[in-house]
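Student: Input: one structure, supplied below.
The values are calculated or read from the model by the stated rules, or taken from the named source; none is laboratory data. Keep in mind that what you see is a predicted model, and the values were worked out from it rather than measured. Virtual Cβ from ideal backbone geometry, glycine too; neighbours counted across all protein chains shown.
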Amino acid sequence: MRMTVRGYFVALTLAVLAPALTLAATLVWWNAQARSEALERVLREHARSLSQAVDRDIRGAISALETLRHSAPLVVGDVGAFSEVARRVHADNPHWLTIALNSRDGQQVMNLAAEPGHALPNVADYEVLKAALAGRPAVSELFIGRVRNVPLVSIQVPVTIDGEVRYTLATSLSAGHFQSALDSHPISAGWITGIVDQKGIVIARSLGPEEAVGTPAATMWTAPAEPEGMVRGIGRLAVPVVGAYARSELTGWTSIVSLRESDFNRPRNEALLALGLGGSFVIGAGLLSALYLGRRVVRPIERLARHADSIVRGEMKPYVGASPLVEANRLAEALQRAGQKQREAEQNLKESREQLFQAQKMEAVGQLTGGIAHDFNNLLTIVIGNLDRSKRVLADWKDGAHERLTRLLDSATQGAQRAAVLTSRLLAFSRRQPLAPQSLDVNRLISHLQELLRPSLGETIEIEAVAPADAWPIEADPVQLEAAIVNLAVNARDAMPNGGVLSIEAANVVLDEHYCASHPETKPGEYVAIAVTDSGTGMTAEVAERAFEPFFTTKQNVGTGLGLSQVYGFAKQSGGHVGINSKPGRGTTIRLYLPRAHAAKADEPSTPPEHHAGGSETVLVVEDDAAVRTFVAETLQELGYTIIQAGDAETALRALDAKTVDLLLTDVILPGANGRELSLAVAERHPGTKVLFMTGYSRDTIVHDGRLDAGVELIQKPLTEASLGAKVRSVLDRPAIG
């Protein structure tokens, strides 16, 4: 790419300004984040302070009621005398609406707010009464009182006589009392505070309490499970807000301090605006300076070029005008001297010598030009290289770049996961998936599958599971078996868009010679048939005949067409068989025949125990691919393990001889000796070292007849941090054999 001198000056200016502006942007962003965090802390403190103030008020009422419940008239059951005592306490607490005494059945036997002669209400349906009768003080949510008919909150304490709770003693506080407390709590301009009860109903609110009290609060305040924190969402005014909340353990109420998100972000936005304006001014001033200086440099170079042209033409015109560019003056002087020598040679030499001198002159000019070009190329290497780096930095420095990068990474991760599933299904169909078969109890398996499938199939699908009590145990890989039946269930769900019945049944069957003769690769013997039946749309005979073909699907733009082929491959690799029976409009039944196990005990399919991913043991990672080896080593190092790396078996053995290793984590396929041969050498020379293989495809090194060799631990590629950490921890925690 060709550029003018002015262009190079502009590029150099940007290359110099970019790091400074990047540093300034980083500092401004850090300062804005610090201000946001400080504001969050202030909001949290105010929410916590408001919650504590409300708790003190409630605790004071509970304390007064606790004292009142021990009065002598109440202990002896003299309600009339107790009423006089209660009136004196009520007079000392004018913000209390009433004092009431409730029997165990909820019938009020005393209420200071009731008119004389009026029947007292029964409050047996109050949750707060039930809580108090359980033997502890309780605070209610906001409700409308049956005596005063205003929004209020009830506080009740149990009254225990002779070791038995016989009454509850209650007082009521109006919503207006808490509104007064809220109004007296200091807040900054633009802040909105509120108090919300256990059920999300507003008790008090600093902005518009007349419309807000007694109505549901925004769900953003009641959704978080933590006792306190920060939330962002849409508030009551249908605008984005940011705020802090604190939930009281005493009352279950939530105290809220919030402000508009625009107000919360204003300091950061102002800082970024100032940075943008200042940066634009600095870049603009720099570019103007670069263009001005470029023009000052270009003019003498143009004069120098014209002077050089005149010398080439043999016109010995003097160089006119001194340049501020020292190099240009020196070059002009050199050209002038060369021109003078040329003229002297023309005068003293004949035509042949003149031609030779002309050639020598041109060679001298060429050497001079080459030297200048060398220096310019060195300079351009620095300028262009730094410019490219600066352009990459500037290209990424955009609003929302982090979110876009996150979405791109998530999309890439999803694509990789889909590719991993596709690979696994292809391996299953080709019968190359390493299997770890176990003896499984069919009844336990069916029960487990019923619970596993229920959440994913939806409420419109009814699941029926049946297995005979005398069902034989089967021999199969539990993980792959679950995946196969889940595939069948998902296909069945898709065939019942309006809901229906999915049944999973098991039965003992014996396949004879006649049956096996019509089903290739099926051996006579005892099997357990697991049938998955749906009441869906069914298939035509042509579709059913091709159902187990890879990449065949009747679904539009959904799936890969490998689900049923995976089931087919798993059944065949497990030594079993799969059959299909379907008719349009009458549903589909797919039977999975798995060989009977003759082990003494059948294992129950269950989720493997969780293992803490980290550790401090020493792990030797053997992998010939440097990028994969680096990923595995750095991942395990971040989990706390001490890592030794090796690219082949020979290097690994030398490392093992030099240092004690707790776990050998090796790829199966290695240059020279493979991972299996390495493990045998380790077992002989270091018998206490545990071994974990990793592979994408084992090539029959540790897998024979589709099954992992006995005692072999394997983790399948592609690896993730979670799967790698869990598997390594599982192998290290497993007791040594022998």
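Student: Just to be sure, is ARG69 closer than 23 Å to VAL153 by Cβ, at pLDDT 90 or above, out of contact with any helix residue (DSSP H, G or I) (no Cβ under 7 Å at 6 or more places or on another chain) and crowded, with 18+ Cβ neighbours inside 10 Å? It would help to see each step written out before you state the result.
Tutor: Details: closer than 23 Å to VAL153 by Cβ: yes; at pLDDT 90 or above: yes; out of contact with any helix residue (DSSP H, G or I) (no Cβ under 7 Å at 6 or more places or on another chain): yes; crowded, with 18+ Cβ neighbours inside 10 Å: yes.
Answer is yes for this residue.
Student: Let me confirm something: among ARG729, ARG676, which residue is at pLDDT 80 or above, in contact with a His (Cβ under 7 Å, 6 or more places away or on another chain), surrounded by 16 or more Cβ atoms within 10 Å (Cβ to Cβ) and of a type outside the set (A, V, I, L, M, F, W, C)? Spell out how you get there, then give the answer.
Tutor: Values: ARG676 fails: in contact with a His (Cβ under 7 Å, 6 or more places away or on another chain).
When all the criteria are applied, what remains is ARG729.
Student: Still on this structure, I have one more. Of all residues in segment 82-112 being of a type outside the set (A, V, I, L, M), assigned to a strand (DSSP E or B) and closer than 24 Å to ALA175 by Cβ, which is farthest from the chain's Cα centre (by Cα)? Even if it seems obvious, please write down each step before you answer.
Tutor: Filtering segment 82-112 down to residues of a type outside the set (A, V, I, L, M) leaves 82-84, 87-88, 90, 92-96, 98, 102-108, 111.
Checking the rest, the ones that are also assigned to a strand (DSSP E or B) come to 96, 98, 102-103, 107-108, 111.
If we keep only those that are closer than 24 Å to ALA175 by Cβ as well, we get 96, 98, 102, 108, 111.
On the way: TRP96: 50, THR98: 52, ASN102: 52, GLN108: 54, ASN111: 56 Å.
Across segment 82-112, the extreme among qualifying residues is ASN111.
Residue by residue, here is whether (1) on the phi > 0 side of the Ramachandran plot; (2) assigned by TED's automatic domain parsing to the domain that holds ALA64; (3) in contact (Cβ under 8 Å) with a residue 40 or more places away in the chain holds:
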site	(1), (2), (3)
GLY106	yes, yes, no
GLU115	no, yes, no
ALA119	no, yes, no
TYR126	no, yes, no
PRO137	no, yes, yes
LEU142	no, yes, yes
TYR167	no, yes, yes
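Student: If you don't mind, there's one more thing I want to ask. For GLU270, state whether it is assigned to a helix (DSSP H, G or I), without any contact (Cβ under 8 Å) to a residue 12 or more places away in the chain and within 30 Å of VAL150 (Cβ to Cβ).
Tutor: Values: assigned to a helix (DSSP H, G or I): yes; without any contact (Cβ under 8 Å) to a residue 12 or more places away in the chain: yes; within 30 Å of VAL150 (Cβ to Cβ): no.
The answer is no for GLU270.
Student: Now for a separate question. Quick check: anything in segment 485-494 out of contact with any Lys or Arg (no Cβ under 7 Å at 6 or more places or on another chain), of a type in the set (Lys, Arg) and at pLDDT below 80?
Tutor: No, because not a single residue in segment 485-494 is out of contact with any Lys or Arg (no Cβ under 7 Å at 6 or more places or on another chain), of a type in the set (Lys, Arg) and at pLDDT below 80.
Student: Have a look at VAL159, VAL242 and point out the one that is modelled with pLDDT of 90 or more, in contact with a Lys or Arg (Cβ under 6 Å, 6 or more places away or on another chain) and under 30 Å from VAL79 (Cα atoms).
Tutor: Values: VAL242 fails: under 30 Å from VAL79 (Cα atoms).
Every option except VAL159 fails the conditions.
Student: Condition test on LEU142, is it farther than 28 Å from VAL196 by Cβ and buried (at least 16 other Cβ atoms within 10 Å of the Cβ)? Steps first, please.
Tutor: Numbers: farther than 28 Å from VAL196 by Cβ: no; buried (at least 16 other Cβ atoms within 10 Å of the Cβ): yes.
So LEU142 fails the test.
Student: Separate question: With in contact (Cβ under 8 Å) with a residue 24 or more places away in the chain and not in a loop (DSSP other than H, G, I, E, B) as the only criterion, which of LEU670, LEU656 stands out?
Tutor: When all the criteria are applied, what remains is LEU656.
Student: Note down all Cβ pairs under 7 Å where the first residue falls in segment 197-220 and is part of a helix (DSSP H, G or I), the second is among the polar types (S, T, N, Q), and they're at least six residues apart or on different chains.
Tutor: Listed pairs, sorted by first residue: PRO209/GLN179.
Student: With surrounded by fewer than 20 Cβ atoms within 10 Å (Cβ to Cβ), in a loop (DSSP other than H, G, I, E, B) and either outside the structural domain of ARG591 (by TED's automatic domain parsing) or more than 29 Å from the chain's Cα centre (by Cα) (or both) as the only criterion, which of ASN498, ASN443, ASN508 stands out? Spell out how you get there, then give the answer.
Tutor: Details: ASN443 fails: in a loop (DSSP other than H, G, I, E, B); ASN508 fails: in a loop (DSSP other than H, G, I, E, B).
One residue alone meets the criteria, ASN498.
Student: How many of the residues in segment 120-143 are within 21 Å of VAL202 (Cβ to Cβ), in a loop (DSSP other than H, G, I, E, B) and not hydroxyl-bearing (Ser, Thr, Tyr)?
Tutor: In the first step, residues of segment 120-143 are kept if they are within 21 Å of VAL202 (Cβ to Cβ); the result is 126-128, 138-143.
Going one step further and asking which of them are in a loop (DSSP other than H, G, I, E, B), we end up with 126, 140-142.
If we keep only those that are not hydroxyl-bearing (Ser, Thr, Tyr) as well, we get 141-142.
Number of matching residues: 2.
Student: Next question. Could you identify the single residue in ALA627, ALA613 that is farther than 30 Å from ASN443 by Cβ, at pLDDT below 85, assigned to a helix (DSSP H, G or I) and not assigned by TED's automatic domain parsing to the domain that holds ALA469? Quick ask: steps written out before the conclusion?
Tutor: Working: ALA613 fails: assigned to a helix (DSSP H, G or I).
Result of the check over ALA627, ALA613: ALA627.
Student: Checking LEU43 against (1) out of contact with any strand residue (DSSP E or B) (no Cβ under 8 Å at 6 or more places or on another chain); (2) in a helix (DSSP H, G or I), only one condition comes out false. Which one?
Tutor: Unmet for LEU43, out of (1) out of contact with any strand residue (DSSP E or B) (no Cβ under 8 Å at 6 or more places or on another chain); (2) in a helix (DSSP H, G or I): (1).
Student: Might you check whether a residue that is within 28 Å of GLY252 (Cβ to Cβ), free of Cβ contacts under 8 Å to residues at least 40 places away in the same chain and buried (at least 21 other Cβ atoms within 10 Å of the Cβ) occurs anywhere in segment 82-99?
Tutor: Yes, some residue in segment 82-99 is within 28 Å of GLY252 (Cβ to Cβ), free of Cβ contacts under 8 Å to residues at least 40 places away in the same chain and buried (at least 21 other Cβ atoms within 10 Å of the Cβ).
Student: Sticking with this structure for a sec: Failed condition for ALA428, given (1) modelled with pLDDT under 80; (2) surrounded by fewer than 18 Cβ atoms within 10 Å (Cβ to Cβ); (3) not aromatic (Phe, Trp, Tyr), with all others met?
Tutor: It is condition (2) that ALA428 fails.
Student: Given the condition within 26 Å of PHE178 (Cβ to Cβ), hydrophobic (A, V, I, L, M, F, W, C) and in contact (Cβ under 8 Å) with a residue 40 or more places away in the chain, answer yes or no: does some residue in segment 67-76 qualify?
Tutor: To start, the set of residues in segment 67-76 that are within 26 Å of PHE178 (Cβ to Cβ) comprises 67-69.
Still in the list and also hydrophobic (A, V, I, L, M, F, W, C): 68.
Subset that is in contact (Cβ under 8 Å) with a residue 40 or more places away in the chain: 68.
The answer is yes; a qualifying residue exists.
Student: Name the single residue that is farthest from GLN52 (Cα to Cα) among those in segment 245-264 being free of Cβ contacts under 8 Å to residues at least 60 places away in the same chain and surrounded by fewer than 17 Cβ atoms within 10 Å (Cβ to Cβ).
Tutor: Here the residue is SER262.
Student: Only residues in segment 688-702 that are farther than 25 Å from THR618 by Cα count as the first member; pair them with residues that are modelled with pLDDT under 85 and surrounded by fewer than 18 Cβ atoms within 10 Å (Cβ to Cβ), Cβ under 7 angstrom, at least 6 apart or cross-chain, and list the lot.
Tutor: TYR697/ARG432; ARG699/ILE669
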